[in-house]
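Single-structure report; data block below.
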Amino acid sequence: MKKILMCLGFLAAMTACSSSQTEKEKLEFDKESHLKAVDFDTEIDGQKVSLYWIESDSLKAAFTNYGGRLIGLWVPDKNGKMTDVVVGFSSAKGFKNSTEPYFGATIGRVGNRIAKGKFSIDGVEYTIPINNGENTLHGGIKGFQDVVWQAKQIDARTLELRYHSPDMEEGFPGNLDVKVTYSVSGQNTLKMEYEAETDKATPVNLTNHAFFNLNGEGQGTILNHEVKIYADQYTPVDAGLIPLGEQANVEDTPFDFREFHSIGERIDTENEQLKFGGGYDHNFVLNAGEKMHPAATVIGDLSGIQMDIETEEPGLQFYSGNFMASKNTFKSGAKDDYRTAFAMETQHFPDSPNQKSFPSIILNPNAKYETVSTYTFSLQ
């Protein structure tokens, strides 16, 4: 009996030690994440804003319903250290006041550019606000990045966001009801499921504008990241980054990422398209096969973290952080220095309402917009 009691005592001590260690690790992570619920507990436009978490065994993601934003994403690096691969701010105020409005945001109604803020549906011309030179970018001045979404925590791994965009908001026709579900799995996958319905024909092209640094937020340039994009073609643009309407082969150009190349390897090549974008800021025409198909693979040169993107969308916008200008301070205390983060936005093609040869983004009544993209993390 004495031996049994001693064993039970030992097991109890080990359990207590394990619980204490788990709590200690949690406290350390909370400190390192630089995120506190109180810093997101506010109101914007009279709507409640909060901080939300979803997580699996080895992946943690933080969101705010202001702009439907992914504000941090932690995955293990090659040394087992939980590394934040999505840049963002430590408060709702930080996102609201940022000179870059799209960090981590859910983008809509129409991601990317619409030429001269005009498009027609069934012979009716619509005019939307111009906010990017002479064009419209990411849904206009007050796109989905600047509204408060209704959030519902489904479970520890799933967050549901909803937004009702009223008829003629930012000049777009139709009452549009949008639902975006963000979830994580045990395979270190962040899944993004988009749904929308309308009562009038309207363009819809939803995406997420997370800015990544796979070495970790504040860990310097992304120019040494290795990138592979599953695309034989891309859509060349004019000086305003509006597509010319053609699909050009990537072969023998700096846009050929069919095999791995570092982001910086050819970014300063004398090339008119790179000049227009200030680097990479272009749509790639994905080699779509099955409904869900590979879009890109990116590897952090220092962390060994690999990100594999799959999507049901026909395009991928690769943006190399060309307009980052050290004007904002991230949650880690680092500045948003030039090319210290990149974006890979799954999408339909830019300016699709005005480009008849591109896949249509017009959503009609009695139809449902549904698309899925996933970002899976592993070690090289």
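Computed FRET efficiency, Cβ-Cβ of GLU270 and ASP155, R0 56 Å: what is it to the nearest 0.05? FRET efficiency, GLU270 to ASP155: 0.60.
Which one of PHE89, PHE103, GLY171 has its Cα pushed farthest toward the positive end of the charge dipole of segment 43-379, where Lys and Arg give +1 and Asp and Glu give -1 at the Cβ? It is PHE89, whose Cα lies furthest towards the positive end. Taken along the Cα-to-beta-carbon direction at a fixed 7 Å, the label points for SER326 and LEU379 span 3.5 nm. With helices as the sole contributors, the chain gives -4000 deg cm²/dmol at 222 nm; each DSSP H run of n ≥ 4 counts as -39500 (n - 2.57), and the sum is divided by every residue. Between GLY80, GLY72, GLY264, the residue with the greatest mean-square fluctuation in the GNM of the chain (Cα pairs under 10 Å linked by springs) is GLY80. Once C-alpha pairs closer than 8 Å and six or more residues apart are averaged by separation and normalised to the residue number of the chain, the relative contact order reads 17 percent.
Give the separation of the Cα centroids, segment 195-253 to segment 75-110, in Å. With segment 195-253 and segment 75-110 each reduced to a Cα centre, they are spaced 17 Å. What's log10 of I(q)/I(0) for segment 44-107 at q = 0.26 Å⁻¹, Debye sum over Cα points only, no solvent? Calculated log10 I(q)/I(0) at the listed q: -1.11. For the chain, modelled as a GNM whose springs connect Cα atoms under 10 angstrom apart, the maximal fluctuation among THR253, THR158, THR83 occurs at THR253.
Residues of segment 272-291 falling in the label zone of GLU251, defined by backbone nitrogen less than 19 Å from a point 7 Å along Cα to beta-carbon, are 284-288. Taking 18 Å as the limit for the C-alpha separation, the pairs LYS118/LYS356; LYS179/LYS368; LYS228/LYS356; LYS275/LYS356 exceed it in the case of LYS228/LYS356; LYS275/LYS356. Computed about the Cα centre, the dipole magnitude for segment 43-379 is approximately 940 debye when only Lys and Arg (+1) and Asp and Glu (-1) carry charge, each at its Cβ.
Here the Debye sum runs over all C-alpha atoms of the chain as equal scatterers in vacuum, and log10 of I(q)/I(0) at q = 0.10, 0.11 Å⁻¹ comes out as -0.62, -0.75. In plain terms, the bigger the Kirkwood radius, the slower the diffusion; for segment 119-180, with that radius from Cα pairs, at 20 °C and 1.002 mPa s, Stokes-Einstein puts D at 160 µm²/s. List the aspartates and glutamates whose Cα lies under 14 Å from the Cα of LYS331, skipping any in the same chain that are fewer than 8 positions away. Hits, sequence-local ones excluded: ASP30, GLU32, ASP39, ASP84, GLU217. A straight Cα-to-Cα reach below 14 Å connects LYS36 with the aspartates and glutamates GLU28, residues fewer than 8 places away in its own chain not being considered. Across the alpha-carbon atoms of segment 289-328, the computed radius of gyration and Dmax are 13.9, 42 angstrom. Among residues other than ALA296 with Cβ under 13 Å from its Cβ, the summed charge is -4 (Lys and Arg +1, Asp and Glu -1).
Derived scalar couplings between HN and Hα for segment 209-215 equal 10, 5, 9, 10, 9, 6, 8 Hz in order, rounded to whole Hz, by the Karplus curve 6.51 cos²θ - 1.76 cosθ + 1.60 (θ = phi - 60°), x for Gly and Pro.
Note on ASN364 and HIS164: with the Förster distance fixed at 25 Å, the Cβ-Cβ geometry gives a FRET efficiency of about 0.85. Along the chain, the exposed loop sites are GluC sites (Glu not before Pro) outside DSSP states H, G, I, E and B with at most 12 other Cβ atoms within 10 Å, and the longest stretch free of them is 1-133. Helix 2-33 and the longest principal axis of the C-alpha atoms of the chain enclose an angle of approximately 30°. With a cut-off of 17 Å, note down the residues of segment 269-299 whose backbone N falls inside the zone around a label point 7 Å from the Cα of LYS78 toward its beta carbon. Taking a point 7 Å out along Cα→Cβ of LYS78, the residues of segment 269-299 whose backbone N falls under 17 Å are 298-299. Comparing ASP57, ASP301, ASP252 in a Gaussian network model of the chain where C-alpha atoms under 10 Å apart are linked, the largest mean-square fluctuation is found at ASP252. Rounded to the nearest Hz, the phi-derived 3J(HN,Hα) couplings of segment 128-134 under the Karplus curve 6.51 cos²θ - 1.76 cosθ + 1.60 (θ = phi - 60°) are 10, x, 8, 9, 8, x, 9, where x marks glycine and proline. Near VAL285, the amide H atoms lying under 5 Å from its own belong to GLN233, TYR234, THR235; only residues 5 or more places off or on other chains count, and H is placed 1.01 Å from N.
No lab work stands behind these numbers, since they all come straight from the coordinates. All values derive from a computational prediction rather than experimental measurement. Backbone-built Cβ (ideal geometry, glycine too); neighbour counts: all protein chains shown.
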